[in-house]
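Single-structure report; data block below.
The values are calculated or read from the model by the stated rules, or taken from the named source; none is laboratory data. From a predicted model like this one, the values you see are computed outputs, not experimental measurements. Note that we place each Cβ from the backbone using ideal geometry, even for glycine, and neighbour counts take in every protein chain shown. Just so you know, the surface numbers come from the protein's heavy atoms only, side chains and all, with ligands and any DNA or RNA stripped out. Shrake-Rupley method; radii C 1.70, N 1.55, O 1.52, S 1.80 Å.
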Amino acid sequence: MSGSSSAPRASDGRSPADLIALDGRVVAVTGAGGNIGAGIAARMAAAGATVVSHTRSSPVEPIKGRSGQPGLVVTADLTAPDGPRRVVDMTLDRYGRLDGLVNNAAVQTVAGFAELTDPEWSEMIDTNLTATHRLTQAAAAAMAAQDSGGAIVHIASIEGSYPAPGHGHYSVSKAGMIMHARAAAQAYGSAGVRVNVVSPGLISRPGIEDAWPEGVGRWSVACPLGRLGTPEDVGDACVFLCSDLARWITGAELVVDGGVMSNPTW
């Protein structure tokens, strides 16, 4: 990548309300069949984007944005070498462009670090980190070929900075995503492609209070804002980072955790 970027350099007199809008843009969201992914996809559509919803196996319906243009659903195994390329190619075939990518697809298994097997390690790294790398390469190449660049957002986790027992391999994968975004921001900035990270805390999902009452209780006490996050909280952070309001932000981590990481750990 070389040369100067033609991505937005200033507000051009537009208001913040105009800058946050994603009308006319095509945004792909991986893992859109999951709780957080569905929330991200819905908020992108509400902001005006045409949404490409990726799923591996979960049933997903196309999202119609406020423009009325129907969205696209792409089914792909992102751990397969050609899976990430399929998401980008099908997006380009349908819409002729790709303006945003949210790398949200992930697995989160529980395993003791000392007892972790090679297959458990490989599944985590292949899904959460290697697929993110391949998708970023493919998406950034497509965005660089456009006159407006683009924006990529990785969905990491606060566990990328603070590992939890049984989640060591997950934490390693998320820490890798945080550093990957910084390296990618450096590599693709001259092409007008911004790469950032959203690191959520505990996000609500149906049944979580019954399945993990002790953890939800501890979180509620530790969280300065006093509640679990919602998929919409994560989605709104992604909308911001994909919009022109964030036009001079790249290589950054936006923590969306209600303030939990502000608490001392000793």
* Structure fact -> Listed residues 95, 170, 188; largest mean-square fluctuation, Gaussian network over the chain with Cα springs below 10 Å, found at 95
* To do: Calculate the all-directions average of the projected area of the range 142-187's alpha-carbon convex hull, and give it in nm².
  => 3.7 nm²
* What per residue convex hull volume, in Å³, comes out for the range 93-202 when only alpha-carbon positions are used? -> 102 Å³
* Positive-end extreme of charge dipole, the range 132-266 - chosen from 177, 163, 243 (charges on Cβ) -> 177
* Share of antiparallel DSSP beta bridges in the chain, in percent to the nearest 5? -> 5 percent
* **Largest-first ordering by accessible area, 1.4 Å probe, given options 199, 15** => 15, 199
* Structure fact -> Note to self: with every protein chain in place and a 1.4 Å probe, the chain gives an accessible area per residue in Å² of 46 Å²
* Asked: Using r as the Cβ-Cβ distance of residue 232 and residue 109, and R0 as 25 Å, what FRET efficiency do you calculate, to the nearest 0.05?
  -> 0.45
* Among 228, 52, 84, which residue has its Cα positioned farthest towards the positive end of the charge dipole of the chain, with +1 placed on the Cβ of Lys and Arg, -1 on the Cβ of Asp and Glu, and the dipole taken about the Cα centre? -> 52
* **Rg followed by Dmax, in Å, when the chain is reduced to its Cα trace** => 18.0, 57
* From the C-alpha gyration tensor of the range 198-243, pull out the three semi-axes of the equivalent ellipsoid (sqrt of 5λ each), sorted largest to smallest, in whole Å. => 23, 12, 7
* Structure fact -> Rounded to the nearest 10 degrees, the helix 213-222 long axis (Cα) sits at an angle to the longest Cα principal axis of the chain of 70 degrees
* Looking only at 249, 152, 178, which one moves most when the chain is put into a Gaussian network model with springs between Cα atoms under 10 Å? -> 249
* Structure fact -> In debye to the nearest 20, the charge dipole size for the chain, taken about the Cα centre with +1 at each Lys and Arg Cβ and -1 at each Asp and Glu Cβ, equals 680 debye
* Structure fact -> Measuring from the longest principal axis of the C-alpha atoms of the chain, the long axis of helix 131-144 (C-alpha) lies at a number of degrees, nearest 10, equal to 20 degrees
* the chain: most fluctuating residue of 168, 150, 207 per GNM, C-alpha cutoff 10 Å -> 207
* Asked: Of the heavy-atom accessible surface of the chain (probe 1.4 angstrom), what whole percent is carbon and sulfur?
  -> 55 percent
